[in-house]
Amino acid sequence: MASKRKTSNITEDSSYDSDDSEVIIFKRRRINVIDDSVSDNNIPNTSDTSKYIMITENEYIDQGNSFQFTEMSGPQYRLSNRAKPIEYFNLFFTNPLWTMMVEETNRYADELLSKSTRTNKSRMVNWYPVTIVELKAFVTVLLEMEITNKPTIYSYWTESSRAIPWFKKMFPRNRFQNILTCFHIVDNKKCFPPGHEKYDACAKFNPIVEHANRTFQTYYTPHKMLSVDESLVGTLCHSSITQYLPNKKHHKWGIKFWMLCDAKSKYCVSLYCYQGAKSKNSQNGLGYDVVKKLLQDADCLDKGYHVYVDNYFTSTALAKFLYSRNTYRYTTVSKK
């Protein structure tokens, strides 16, 4: 069979959303199609016919049924040009969040003091309730520890070149370790123990995740292109949800989160924790549940969003669901 190749340039359509037209990505791909066109007699009607076409991110298979994207993308709250970094930090770390952390930390400290038998050498002998100001200093030290890695907590306060001088100005090492021991964001009485039918391995940090999802969506509306993938938060804690991913560069051990992000700005829109293979999934599988939950939590369904995923999320059920909710899915598909 004879074959013929032709190249056609598809230009930007001005009727599409102006924000997304700023980034036009051209990709060359080779596809095999059956050309039933009667207007072009030079191209034989055969399954071996090949075409080379230029495609853009605004090209759709069915232009007549394409979903209109009408969201006003971008930041929903703008600070002044003279705003300091701490002002942006305070947008996400709100006063209600600090209050919750202080209350739960002091509550857990009281539980420890009432249950344990302390000696005069115990650090907890000198415990006193933490305040919001002191907890802010505690978080500041944690952030600095992530930037400046040292072998032990002691080395941050030792009298040597390893020490960070302003740590001592905030609080003594023993006070820091007391807060680290008692730091909590949820009441333990509301958490079910392992083995219970309502046990949730994520209960100890779910309030932070829920707060993050609310805050992320309050201050930003994502662009039309969204991306779903996994992210690993490094930790060596012992938990049933700890994952080992040898291909990860920064951390191999950690807790895995599924994340929905703006593909243009890299902004995280929503996330939730993966609880392992034993977690209950619907009959459509984990990939279906992940994409559906992330889009629902971010309120991104029925708005014409385009979701880019890898072949792990390739399923007919997911494609049908997204199309029924005015949402496109872009993914790779294997020949086999």
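The values are calculated or read from the model by the stated rules, or taken from the named source; none is laboratory data. Keep in mind that what you see is a predicted model, and the values were worked out from it rather than measured. Cβ placement follows ideal geometry from the backbone for every residue including glycine, while neighbour counts extend to all protein chains displayed. Ligands, DNA and RNA are excluded from the accessible area calculation, which covers all protein heavy atoms including side chains. Shrake-Rupley method; radii C 1.70, N 1.55, O 1.52, S 1.80 Å.
For segment 280-321, which trypsin sites (Lys or Arg not before Pro) are both in a DSSP coil and crowded by at most 15 other Cβ atoms within 10 Å?
Lys280
Residue by residue through segment 143-155, which ³J(HN,Hα) values in whole Hz follow from phi under the Karplus form 6.51 cos²θ - 1.76 cosθ + 1.60 (θ = phi - 60°), with glycine and proline marked x?
Values, residue by residue: 5, 5, 5, 6, 7, 9, 7, 10, x, 9, 5, 4, 5 Hz.
If I stretch the segment between Asn174 and Val125 completely, what's the gain in nm (0.36 nm per residue apart, minus their alpha carbon distance), one decimal?
Computed gain between Asn174 and Val125 is 16.6 nm.
Between Ala319 and Asp229, what is the label-to-label distance in nm when each label sits 7 Å out along the Cα-to-Cβ direction?
Between Ala319 and Asp229, the label points sit 2.3 nm apart.
Can you list residues whose amide H is under 5 Å from His184's amide H, if they're 5+ apart or on another chain and H is modeled 1.01 Å from N?
Under 5 Å from the amide H of His184: Thr105.
Among Val139, Tyr88, Met101, flag the residue with its Cα farthest along the positive direction of the charge dipole of segment 82-145, charges on Cβ as +1 for Lys/Arg and -1 for Asp/Glu.
Checked the options; the winner is Val139.
So if we plug the beta-carbon distance of His238 and Met72 into 1/(1 + (r/R0)^6) with R0 = 41 Å, what FRET efficiency do we get, rounded to 0.05?
With R0 = 41 Å, the Cβ-Cβ based efficiency is 0.35.
Please list the non-local residues whose amide H lies under 5 Å from the amide H of Tyr220, H modeled 1.01 Å from N, same-chain partners needing a gap of 5 or more.
Long-range HN contacts for Tyr220: Gln76.
What do you reckon, how do His306, His238 stack up by accessible area (1.4 Å probe), largest on top?
The ordering from most to least exposed comes out as His238, His306.
Taking 0.36 nm per intervening residue step and subtracting the Cα-Cα distance, what contour gain separates Lys266 from Ile147 on full extension?
That works out to 40.7 nm of additional length.
Quick one: accessible area per residue over segment 72-167, 1.4 Å probe, rounded to a whole number of Å²?
Result: 70 Å² per residue.
For Cys237, what accessible area in Å² do you get when you roll a 1.4 Å probe over the heavy atoms of the protein chains, rounding to the nearest 10?
Rounded to the nearest 10, the figure is 60 Å².
Report the accessible area of Met259, computed with a 1.4 Å probe over the heavy atoms of all protein chains in place, in Å² rounded to the nearest 10.
40
Using 0.36 nm per residue, how much length does the chain from Val139 to Lys204 gain when fully extended, once their Cα-Cα distance is taken away?
Using 0.36 nm per residue and subtracting the Cα-Cα distance, I get 21.7 nm.
Determine, from the Cβ-Cβ distance of Asn188 and Thr218 and an R0 of 35 Å, the FRET efficiency 1/(1 + (r/R0)^6), rounded to the nearest 0.05.
Once rounded, the FRET efficiency stands at 0.75.
Going through segment 82-134, which trypsin sites (Lys or Arg not before Pro) have at most 13 other Cβ atoms within 10 Å and a DSSP loop state?
Arg82, Arg118, Lys121
Arranged from highest to lowest average of other beta-carbon atoms within 10 Å per residue, in what order do the peptides 212-219, 246-253 appear?
Listed from highest to lowest mean packing, they are 212-219, 246-253.
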